[in-house]
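The values are calculated or read from the model by the stated rules, or taken from the named source; none is laboratory data. Computed from a predicted model, the values in this text were never measured in an experiment. Note: ideal-geometry Cβ built from the backbone for every residue, glycine included; neighbour counts use all protein chains shown. When the accessible area is computed, the model is the full protein with side chains, heavy atoms only, and any ligands, DNA or RNA have been set aside. Shrake-Rupley method; radii C 1.70, N 1.55, O 1.52, S 1.80 Å.
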Amino acid sequence: EAQVTQNPRYLITVTGKKLTVTCSQNMNHEYMSWYRQDPGLGLRQIYYSMNVEVTDKGDVPEGYKVSRKEKRNFPLILESPSPNQTSLYFCASSYVGSGNTEAFFGQGTRLTVV
Amino acid sequence: DAKTTQPPSMDCAEGRAANLPCNHSTISGNEYVYWYRQIHSQGPQYIIHGLKNNETNEMASLIITEDRKSSTLILPHATLRDTAVYYCIVRASTNAGNMLTFGGGTRLMVKP
């Protein structure tokens with residue numbers, strides 16, 4: 001089954017403690033991205049990757065890092081989480097196309113930073 | 001990418017057709033119209049997309065006006081499980097970042 005898998009689904013952590021949210025896809029997609037969703041602000045893109053070792057900033061990259069060492073994986077790293085990073089996070093993947101491609105989303109990671 | 005305008009909320013009776021409108025009056029020739037939905041904080045789910053012609057799949061139909069300035073997503077027989085936020089997104093074929101810009105969407109409530 002084609003899917004995007006995120007882990008963990010839920011995470012509560014303390015300010016400043018480094019964490020990684022993993023994302024993996026089994027569709028051989030070149031493109032992967034991370035979004036965060038906050039009430040009243042909708043879904044906003046954090047980082048994206050067009051292929052292995054190619055990453056770029058989205059709309060809200062501050063406080064986040066990503067890496068793309070393998071095509072299937074795109075982890076989101078919070079080196080020093082802060083309470084304003086409490087949010088619902090989604091990973092997505094798709095083929096790199098001409099705009100005529102659908103994106104697949106993971107089931108989400110709900111992060112709380114206290 | 002062109003901006004879209006959707007009503008914030010709509011109701012629909014179970015079993016009836018749900019018609020969700022979207023205005024994208026500034027759309028340009030190389031931009032596709034996409035529809036996604038999000039059911040209660042789950043990941044957004046792709047529904048359908050089109051460029052000029054009307055499209056239909058197992059989930060829905062997409063009707064795009066001839067001038068392409070607006071479109072309508074039709075769920076032919078809405079069920080309670082179709083209750084969700086529906087997002088209309090316009091994306092250019094040259095969007096190298098493949099980014100989907102989500103607006104506020106339409107919260108569809110299907111009622112028994």
Would you confirm whether any residue within the range A:94-101 is within 14 Å of A:SER24 (Cβ to Cβ) and of a type outside the set (Lys, Arg)?
no
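Residues are listed down the side, and each one gets a yes or a no for (1) at positive phi; (2) at pLDDT 95 or above; (3) away from every other protein chain (no Cβ under 12 Å):
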position: B:ALA18; (1), (2), (3): no, yes, yes
position: B:ASN57; (1), (2), (3): no, yes, no
position: B:SER70; (1), (2), (3): no, yes, yes
position: B:THR83; (1), (2), (3): no, yes, yes
position: B:PHE102; (1), (2), (3): no, no, no
Does A:ASN51 satisfy being under 23 Å from B:TYR34 (Cβ atoms) and open to solvent by 30 Å² or more (accessible area, probe 1.4 Å)?
yes
Give all pairs with beta carbons closer than 8 Å in which a residue from the range A:42-56 that is of a type in the set (Asp, Glu) meets a residue that is not in a strand (DSSP E or B); count only pairs at least 6 apart in sequence or on separate chains.
A:GLU53/A:ARG68; A:GLU53/A:LYS69; A:ASP56/B:GLY97
For the range B:36-84, give me the residue count where each residue is surrounded by fewer than 16 Cβ atoms within 10 Å (Cβ to Cβ), farther than 17 Å from A:ALA103 by Cα and hydrophobic (A, V, I, L, M, F, W, C).
1
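To keep it simple, each residue is scored yes or no on (1) away from chain B (no Cβ under 14 Å); (2) farther than 24 Å from B:VAL85 by Cα; (3) open to solvent by less than 10 Å² (accessible area, probe 1.4 Å).
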| position | (1), (2), (3) |
| --- | --- |
| A:VAL14 | yes, yes, no |
| A:PRO39 | no, no, no |
| A:PRO83 | yes, yes, no |
| A:PHE90 | no, no, yes |
Among the residues of the range A:103-114, are any open to solvent by 70 Å² or more (accessible area, probe 1.4 Å) and either away from chain B (no Cβ under 14 Å) or touching a Gly at 6+ places or on another chain (Cβ under 6 Å) (or both)?
yes
Residue hits (the range B:1-27; farther than 20 Å from B:LEU80 by Cβ and open to solvent by 50 Å² or more (accessible area, probe 1.4 Å)) are B:ASP1, B:LYS3, B:THR5, B:PRO8, B:PRO21, B:ASN23, B:SER25, B:THR26
Looking only at the range A:16-37, and only at residues there that are among the β-branched types (Val, Ile, Thr) and open to solvent by 20 Å² or more (accessible area, probe 1.4 Å), the one that is nearest to A:GLN107 (Cα to Cα):
A:THR22
Could you tell me whether any residue of the range B:42-60 is closer than 25 Å to B:PRO112 by Cα, among the acidic types (Asp, Glu) and free of Cβ contacts under 8 Å to residues at least 60 places away in the same chain?
yes
If I go through the range A:70-104 residue by residue, how many of them are closer than 28 Å to A:THR15 by Cβ and either of a type in the set (Asp, Glu) or touching a residue at least 60 places away in the same chain (Cβ under 8 Å) (or both)?
10
